[in-house]
Every structure is written in C-alpha cells, then in structure tokens.
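Worksheet: the structure to be examined is printed underneath.
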Amino acid sequence: MKKMLLPIKAIFSAAALSMMTFGASAQTNVFDDVIVPSPNHTSLEAAILAANLQGALQDPTASLTVWAPDDQAFDNLATALGTTVPGLLALPNLDQILLYHVFGTTNNAASLSNGQIETPLNAANTVKITVTGTGDVFANQAQVNAADLPADNGVVHSLDAVILPGETVADIAIDNNFSTLVTAVVTAELLPALTDPFATLTVFAPDNTAFDDLATALGVTLNDILALPNLQDILLYHVLGTEVDAASVTNGGIVPALSPTNTLKTTVTGTGDVFVNQAQVVLTDLTADNGLVHTMDAVVLPNETVADIAIDNNFSTLVTAVATAELLPAVTDPFATLTVFAPDNAAFDDLAAELGVTLNDILALPNLQDILLYHVLGSEVDAASVTNGGIVPALSATNTLKTTVTGTGDVFVNQAQVVLTDLTADNGLVHTMDAVVLPNETVVDAAIDNNFTTLTTAVVTAELLPALTDPFAEYTVFAPSDQAFDDFVADAGITLNDLLALPNLADILLYHTLDSEVLSTGLTAGNVTTMEGSDVVVNLTGGVFINDAEVTLADVDVDNGVVHAINKVLDPATASLDENTIVVNLYPNPATEFITVAADQEINAIQVVSMNGAVLKTINATGGEMNIDVTDLASGQYLLVVNTAAGASQSAFNVK
C-alpha cells in the first residue's frame, strides 16, 4: 500500500495543474486530438511522425483542413506502388505527399462546393473538390468517408484514398484554359475519374470554340449544354481507358471509349492530319502523369451515324473503303444529313471481278473517294420518297444518280438494285444495294446532256434506266430527237402520252439499241440486229441512214457506248417479220379511201392492226396485189401485216 501513495507535494501539484487546465479549457489540435486517437488512421499518424510534420498540425495558431487517408487507403497505395506501408514511410517525398493533404484554411464539409480548386500547403498542385448531387464529397479521386472531425485548429475529413500531387489530365485542361471543358467535367462529376493518379487515360479535349460551335449547332446556350442529361456520357466519349499517343493513332481505327454508347472512329490523312470522328486534332501528346491529352476543334457525340450502320451490318469492304478514302470525318459528322446507298461486300467483289482486279486494287483507285461520294446524298431521302426517273445530285460532282421505281415496287439506283431500305441513323439513312455504282458517263447521260427529253422520258417510263446506266455494258443507241418523236406521234394520230403508254414501248426503244459499241466509222451497209430482236437496215448512200432515219449527229462517245442522233423514230412494226425477204409496197401512204398493197409473192391474207396491237380487220386474198378500203378507219397510224406462203411482213401506214 505504501508504494501506491504519492507525496503530499506531488498530489497538491497535480491538483493545482488539473484546476489550471480546467479553468483554461485545453486547446485541441487535428493531430493529437483527431488523428492519433483514431483507430483507422494509424498509418497516417506514423507517416506524419516519419515526416516530422506533427508540429505543424499541433500549431494552436493554425487554421487547417486535413484530408486524412485511412489505413486501407495506405494499404491500397502501397499495393499500387508495389511496396509496403513501411516502404511508403521511407519515400523521400513523403512530407510533400502529406502536405498535399492539408489546406491552410478551415473548410467544413458544408462550405465545400463542386468544382472548388484549392491550393494545399504543398503548392506543387491544387486539390479538386467534387460534391455530387447525392451529397458525396471527393478530394481528387478520394471519397470522404467521415467528415467534419473537429479540433480547435481546424477540421479533419477522412478519405478512402491517398491523393498525390502529380499532374493529371484534369490539370492539362485547367492549365491550357479549356474552361468550358473543365466546367463540363465538374458538372458531370467526372473530376474524381480524371484526377485518379493511377488511371491511364487518353483525353480528346475540345477547346472552348468547339463547345461554342456545339451550342450554335444545337441552337442552345452553353448552360443548356451543361444541363444535358447525357453530359457525362458525352464527355466519357472523349476518353480512352488507355494511353494512346498521336503516333499510335491509325487510319480507320474503331476505338472503344469510356462511354459504352458508341466507338470512336479515327482518321489519319495522307498529309498527317488526325481526326477523331469529325473533329480534327489540333495539339497532340500533352503529357500528364496519368495519361495524354490531344486537343480538338469540335465536340464529338456518341450518336449512331451512317458509318455505324455500315459497321454494325458488316459492310466491311465499304467501311475499309470509306476509311481509305479518308471519308470517316464526313460520315461521322453528327450534324450532317445524309443518305447513303451502301453496296454490300458481294457488290465490291463483283466490281473487282468486272474490272479484273483485286479488292486492294479497288482501294488504291485514285478516284476512290469520288466513287464513294457518288453513293451519298447531302439530304435525307427515305425509300418512299424515291421517284421513278429521278435525276439526283450526289456529293460527287462528277455525275448524277438516276433512280428507277418499277411497277412492282423494286427500286434501282443506276443499275444497282436496292435491297434493304431506311436503316436509320442519327445523321441520315442507309439503303443497301447489290452493286457499286460508278460516276461514269453513260448513254443515258448523253441523252440527258444533249436535251433528248422525250427519249429520256421514254427510257424512264419503260424502266430501262438500270440497263442503260450499267457502266460495264456496251451500247450503240440511235437516239431520235424530240422533233422526231413529235413527228412520229403526229403521223400516228396519237399524243406523246399515248406513246409513253404503249405496252411495247420498251421494244420500240430497244429497237434503237445495239448491244455493242459501233462508231460511225464501224457501220457497214446491211442488216444489223437490235436488242429488240429485229433488224435495222444501215444505208451509207448519201449519208448515214438507219432504216429511213438519217444520222444527224454521230459518235457521241461515252463510257458505256456511243450515241448517234437520228431525225426519225425507228418503228419495229415496220421491220419485216422474216428479215425483209418479202417485198411489200403500200400506196398511197397516207391513204384517204383505199390503200393498195403490192407484194412480190402471192398474198394469202392481210390484217390491219391498231398501234396498240388490236386486229381491226382480216382480209383473205389471192394474188400479189389488192386494194383495201380504209374509209372506216379513223385518222392515224396503223400496221399492215401481209401473210404469204413464204412468211409475213409488217408495214406501217397512215390514214388521213
């Protein structure tokens, strides 16, 4: 018992000290009274002692905010650095790391604001504060797990991670005055992700003008952009989860971003320009400790584009061609309005076969870009809006597209048939096709360019555009002028609309067409078989005549043939049914009361047929000549079919 007694003087002194302390209300500090007593901050306490910083935290005159990583935070840091907590305590910059966790002012949680940037006692970098919509608080990437632990010389906020003063991609944006981007990142609560010192990021950073341009394109203000419900997704679409320097960007790259909504498409041009979607990279390889920043002149949006339609539907050759032709920036522009006629892979294979080359040879064509732009319209045209006989300007200025809509509803663009329609993207429509169309000059273009309007209308009506726009066909077209058509219908006593409504209109037109290219110098006198199946007679006496039509303009040469203009319409009804072995003469022609039919063989029967194919009368006959009463026929053109033992012959005649 004796050993437990204190001397009277000691007891008195202790009592006096106790009374003095009580009376003076002892000063507390963030180290001794918050960190040291905490069972969750033993590593932090050891680090402070190792760095000999306890004095600064005990200073009764200080006003401090301490961001206090808990023990698990130190364990995680040691793991990330491949060391141990004792290894952390031996770091030569331990004091600077710790001072980066201390503000020289007191900031209670309620006083913190989202996007607040504060300079700590280690001024090597600033600390970025995030306050989320749900009230969570972050210092850089570290989340506060216990706030407002008070002391007389400040406040302590416990963190779940150690923050480091390294330069981050967020600092690159701040330091380079990308103020709108920084504000957007803050608003979208992405500062924790971008300040993570152990992330490995590539950020494609739109400059302030890019955001201004976005607002203008959307017809809104910057504040409206910051209020977009998908702002975070838009920003994450600018970030890769790996570090990719400019030298590693490839042409035609399809790159996953941190946004899962869509991929980024990269272009590297032959002159070294780099694009991400439609945005051009301006500055490259701005280096931070947790990644790289490349600045851009536009904001990219994770919208579905016509390029995505091609990618998602496995049009791999088309996608490769678009990348090779450096057209990805155009077709990924979210504010474009496009219609793409997309040839499938088999179409490109067929093109290679027609040209006798490989797909690689096609990709190396000097006019590849022009060919692809010939498949794109600068407006949105759905299938229901495609018209028969449309002459449509494409983004290629080399030629127009010609559209056909058949009576059965099939749709053609030039010679290519549309297979799938109205595949919808945010920047337009895609229609798939079974062939590649080429901007070559065709016999149809020759007719259009030389103002053969009636012939062109007839070709459209007869649904012959797909055949005559085929770039791999070879044709000779004897093209009647508009006046020739006017004369033809006048002689027949019909209108142009009646002509266009004839059931054999296609046959009439094909009677003007050969399935090979024959220049005027290659024409020889005699019979030539047309695509209709009947012969025309070439006469070179006193000029060039096809039947009784004179060639008035020869050798309009185009890529798929040649056109010769003629001054009359060739009527297959006047062609002999037995290749002109029967000679028949009709007179007078035109007739008013009677027409005389004389043949070089005995006539068995004669039929009078209307121009729409109806048999109006049949006359049995004997001998080589007879007269036919035409007073019961209305004025107009008719066909006379003369039957003999050797065959039959057709001739046209007119009644006044």
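Checking each residue in segment 614-625 for being over 20 Å from residue 493 (Cα atoms) and touching a strand residue (DSSP E or B) at 6+ places or on another chain (Cβ under 6 Å) picks out 618, 619, 620, 621, 624, 625.
With respect to the conditions (1) of a type in the set (Val, Ile, Thr); (2) more than 20 Å from residue 382 (Cα to Cα); (3) not in a strand (DSSP E or B), residue 309 lacks only one, and its number is (2).
Between 382, 370, the distinction of being in contact (Cβ under 8 Å) with a residue 60 or more places away in the chain and of a type in the set (Asp, Glu) belongs to 370 only.
Once segment 145-180 is narrowed to residues that are touching a helix residue (DSSP H, G or I) at 6+ places or on another chain (Cβ under 9 Å) and free of Cβ contacts under 8 Å to residues at least 40 places away in the same chain, the residue that is surrounded by the fewest Cβ atoms within 10 Å (Cβ to Cβ) is 177.
Report yes if some residue within segment 473-480 is charged (D, E, K, R) and either outside the structural domain of residue 529 (by TED's automatic domain parsing) or crowded, with 18+ Cβ neighbours inside 10 Å (or both); otherwise report no. Checked segment 473-480: no residue is charged (D, E, K, R) and either outside the structural domain of residue 529 (by TED's automatic domain parsing) or crowded, with 18+ Cβ neighbours inside 10 Å (or both).
State whether one or more residues within segment 272-286 are among the hydroxyl-bearing types (Ser, Thr, Tyr), touching a residue at least 24 places away in the same chain (Cβ under 8 Å), assigned by TED's automatic domain parsing to the domain that holds residue 236 and assigned to a strand (DSSP E or B). So far as segment 272-286 goes, yes, one or more of its residues are among the hydroxyl-bearing types (Ser, Thr, Tyr), touching a residue at least 24 places away in the same chain (Cβ under 8 Å), assigned by TED's automatic domain parsing to the domain that holds residue 236 and assigned to a strand (DSSP E or B).
Checked against the criterion of being free of Cβ contacts under 8 Å to residues at least 60 places away in the same chain, surrounded by fewer than 24 Cβ atoms within 10 Å (Cβ to Cβ) and among the charged types (D, E, K, R), segment 303-319 contains one or more residues that satisfy it. Could you go through segment 389-396 and let me know if any residue there is among the β-branched types (Val, Ile, Thr), closer than 23 Å to residue 346 by Cβ and in the same structural domain as residue 347 (by TED's automatic domain parsing). No, segment 389-396 contains no residue that is among the β-branched types (Val, Ile, Thr), closer than 23 Å to residue 346 by Cβ and in the same structural domain as residue 347 (by TED's automatic domain parsing). In segment 243-277, of all residues being touching a Pro at 6+ places or on another chain (Cβ under 7 Å) and among the hydroxyl-bearing types (Ser, Thr, Tyr), the one that is surrounded by the fewest Cβ atoms within 10 Å (Cβ to Cβ) corresponds to 261. Only one entry of 227, 205 meets the criterion of being farther than 19 Å from residue 279 by Cα, modelled with pLDDT of 95 or more and either assigned by TED's automatic domain parsing to the domain that holds residue 177 or touching a Ser or Thr at 6+ places or on another chain (Cβ under 9 Å) (or both), and that entry is 227.
If you go through segment 207-228 and keep only what is under 22 Å from the mean Cα position of the chain (by Cα), among the aliphatic types (A, V, I, L, M) and crowded, with 20+ Cβ neighbours inside 10 Å, you end up with 210, 214. Selection of segment 200-246 for residues being under 25 Å from residue 268 (Cβ atoms) and among the aliphatic types (A, V, I, L, M) yields 201, 203, 205, 210, 214, 234, 235, 236, 239, 240, 244, 246.
Those helices (runs of 4 or more DSSP H) of segment 471-559 in which at least 2 residues are within 43 Å of the chain's Cα centre (by Cα) and either under 30 Å from residue 435 (Cα atoms) or not hydroxyl-bearing (Ser, Thr, Tyr) (or both), considering only elements entirely within it, cover 496-500, 505-510. Return yes when residue 204 is buried (at least 20 other Cβ atoms within 10 Å of the Cβ), touching a Leu at 6+ places or on another chain (Cβ under 8 Å) and assigned to a helix (DSSP H, G or I) and no when it is not. Against the criterion (buried (at least 20 other Cβ atoms within 10 Å of the Cβ), touching a Leu at 6+ places or on another chain (Cβ under 8 Å) and assigned to a helix (DSSP H, G or I)), residue 204 does not qualify. Between 287, 271, the distinction of being more than 26 Å from residue 141 (Cα to Cα) and hydroxyl-bearing (Ser, Thr, Tyr) belongs to 271 only.
For segment 277-294, a residue qualifies if it is over 9 Å from residue 246 (Cα atoms) and of a type outside the set (A, V, I, L, M), and the qualifying residues are 277, 278, 280, 287, 289, 290, 291. Would you confirm whether any residue within segment 434-443 is in contact with a Phe, Trp or Tyr (Cβ under 9 Å, 6 or more places away or on another chain) and loosely packed, with under 15 Cβ neighbours inside 10 Å? Looking through segment 434-443, none of the residues is in contact with a Phe, Trp or Tyr (Cβ under 9 Å, 6 or more places away or on another chain) and loosely packed, with under 15 Cβ neighbours inside 10 Å. Selection of segment 583-611 for residues being outside any strand (DSSP E or B), modelled with pLDDT under 85 and more than 60 Å from the chain's Cα centre (by Cα) yields 583, 589, 600, 601, 602.
Kindly indicate which of 240, 231 is out of contact with any strand residue (DSSP E or B) (no Cβ under 6 Å at 6 or more places or on another chain), surrounded by 15 or more Cβ atoms within 10 Å (Cβ to Cβ) and of a type outside the set (Ser, Thr, Tyr). Going through 240, 231 in turn, just one is out of contact with any strand residue (DSSP E or B) (no Cβ under 6 Å at 6 or more places or on another chain), surrounded by 15 or more Cβ atoms within 10 Å (Cβ to Cβ) and of a type outside the set (Ser, Thr, Tyr): 231.
Scanning segment 181-201 for residues that are closer than 22 Å to residue 263 by Cα, surrounded by 19 or more Cβ atoms within 10 Å (Cβ to Cβ) and among the β-branched types (Val, Ile, Thr) yields one hit, 185.
The values are calculated or read from the model by the stated rules, or taken from the named source; none is laboratory data. None of the values given here were measured: they were computed from a predicted structure. Note that each Cβ is placed from the backbone with ideal geometry, even for glycine, and that neighbours are counted across all protein chains shown.
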